[in-house]
Structures are given as structure tokens and as C-alpha cells.
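Here is the structure we will look at.
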Amino acid sequence: MTDHLTRAEVERYNRDGYLFPFDVLTPAEVAASRKRLEAFEAKLGGPLPRSLIAMPNLYAPFVDEIIRSPRILDRVESLLGPDILCWECAFLTKEPHAKSFFSWHQDAKYWGLEPYDVLTAWVALSPSTRASGCMRVLPGSHAGGIAAHKDTFAPNNMLSRGQEIQVEVDEAKVVDIELPPGSMSLHHVKIAHGSDPNTADDRRIGLRSEEHTSELQSRETISYAVF
């Protein structure tokens, strides 16, 4: 038995630009993964620094195991085909009652990748709820072009330059991607999305991986500070 998407799910993804939820980790796997992450953070003396947020699959075997899971990749294959490359991976963590947020943006504006056969698999390692600052998306916004953005460098914005989309977002149309631990969402590289601060008592821990086909080309040289 595989975990491939149904035809109806593929059609819904193509129409809306996102899908959720999918159970991809068992409670035991979630607990073990979070324990490993937080044990490593304890050795560092606090949450992961920016230099270690990106590409944890290169230094943490448990992360590499997660992004290679058939429970994730079968669903990605349904949308991108069988020749898949994980282009980027990152931990996205918001501490309890912190002011950190992601402004509304489109990843495709900054990633320098064409064509746009790119999606993000977002796996929750703790509750990702409205209160904890779950990801929010604007359905169907992937179907148009790339909107103008501006760099705000706003305090507490988790994006590197505080980049923000210059389009008014209709809150009545926004969908909250709420995920229990061990669940995954998928979203298109062009969809407008963001998230609010974590007002809950627990950390919001997400593992994000970007998948694309091997035919995709980079328009620019991209490097990562991993260590």
C-alpha cells in the first residue's frame, strides 16, 4: 500500500495551492524527533542559531530519515513525479509567547527557481494551531503571477529581510493550516502565506522541506551557512 494522493486531492492542490493534513509520523516518531532536537539545543545552550536552522538533514540523521520517508515522498511524487530532489530543509520554530512572525510573502519571489514545479512539505513536531502561530495561506494565490514585495526589516519578522507582499490580503479568504504533531501539509512555491506570533504555552516546531523535480534550474547561485 502506498501513500500517493488521489486524483481528487491532486485536482484540489492544483486549484487551491495547498493540501492538509496528512499523518506522516507516529506519536513515537514525533516524540523521538523532538527529544533529539531539544537534546542538541540543550548542548548549544538554547534554540538553534540561524546558522543551524537551514539544512539540518546534513548534520542530523533523524531529519534525513524524515525527509526520505515514503509517507512524505509518495505524496510529493503524486504532484511532481518520481524524480525528486530536496532542495532545501529547515527547522521553523517559534518559542512560547514570542513575538516572532512571518509576514505575508511568496517563496517563489526569492528562491530564484524556474519553472515553478516546487512545493513545500511542512511537518509538525509540536501542535501547530492558530494560537501557536500556524501557517496561513491565501487559497488560489499560486495561480497568478509573483506580486511585488518590499523589504521591511521589521523587528521579530523571521524572514531575513522582513520581505512582505504588496497585495492586500482578504482575511475572509485565509485558511489556517492547523496541524497536530506528526501531520504534514503541502503547499505550492507561489502561494501567498504567512503566520502570526505564538501565543500558546508550547513551542511551535515545524520541519520544512522544499521538493522539486531534477529538471528545475536555478537562476542564481545559492549558498547556505550550515555550520
Within straight-line cross-link reach of K94, lysines at Cα separation under 20 Å, skipping those fewer than 8 residues along the same chain:
K35, K43
So if the hydrodynamic radius of the range 72-201 is defined as the Kirkwood radius over C-alpha pairs, what does Stokes-Einstein give as its diffusion coefficient at 10 °C and 1.306 mPa s, in µm² per second?
102 µm²/s
In nanometres, what is the gap between the two model label sites at A8 and A28, each 7 Å from Cα along Cα-to-Cβ?
3.3 nm
Calculate how large, on average over all directions, the projected area of the Cα convex hull of the range 1-104 is; give the answer in nm² to one decimal.
8.8 nm²
Average accessible area per residue (Å²) across the range 58-172 - probe 1.4 Å, nucleic acids and ligands excluded:
44 Å²
Mean 1/r over all different Cα pairs, inverted: what Kirkwood radius does the chain give, in Å?
17.9 Å
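Among residues other than T199 whose Cβ falls under 12 Å from its Cβ, what is the net charge (Lys/Arg +1, Asp/Glu -1)?
Surrounding charge for T199 is 0.
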Given a 1.4 Å probe and the protein chains all in place, what does the accessible area of H187 round to, in Å² to the nearest 10?
0 Å²
Between the residues P127, M158, G45, the Cα farthest towards the positive end of the dipole of the chain, that dipole coming from +1 and -1 charges on the beta-carbon of Lys, Arg, Asp and Glu, is from G45
Inter-label distance for I146 and E95, nm, one decimal - labels placed 7 Å from Cα along Cα-to-Cβ
3.4 nm
Kindly report, to the nearest 10 Å², the accessible surface of E9 as traced by a 1.4 Å probe over protein heavy atoms only.
40 Å²
Let me know the charge dipole size of the chain about its Cα centre in debye, to the nearest 20, where only the beta-carbon of Lys, Arg (+1) and Asp, Glu (-1) is charged.
520 debye
Given the whole protein assembly as supplied and a 1.4 Å probe, what does the accessible area of L44 come to in Å², nearest 10?
80 Å²
Output needed: percent of Cα pairs per 10 Å distance bin for the range 92-169, bins running from 0 to the one holding the longest distance.
15, 45, 35, 5
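Show me the three semi-axes of the equivalent ellipsoid for the range 127-181, from the C-alpha gyration tensor (sqrt of 5 times each eigenvalue), largest first, rounded to whole Å.
Semi-axes, largest first: 21, 18, 9 Å.
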Dipole in debye (nearest 20) - the range 40-89, about Cα centre, beta carbon charges: Lys, Arg +1; Asp, Glu -1:
200 debye
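The values are calculated or read from the model by the stated rules, or taken from the named source; none is laboratory data. Keep in mind it's a predicted model, so treat the numbers as computed, not measured. For neighbour counting, all protein chains shown are included, and Cβ atoms are generated from backbone atoms with ideal geometry for every residue, glycine included. Only protein heavy atoms, including side chains, enter the accessible area calculation; ligands, DNA and RNA are left aside. Shrake-Rupley method; radii C 1.70, N 1.55, O 1.52, S 1.80 Å.
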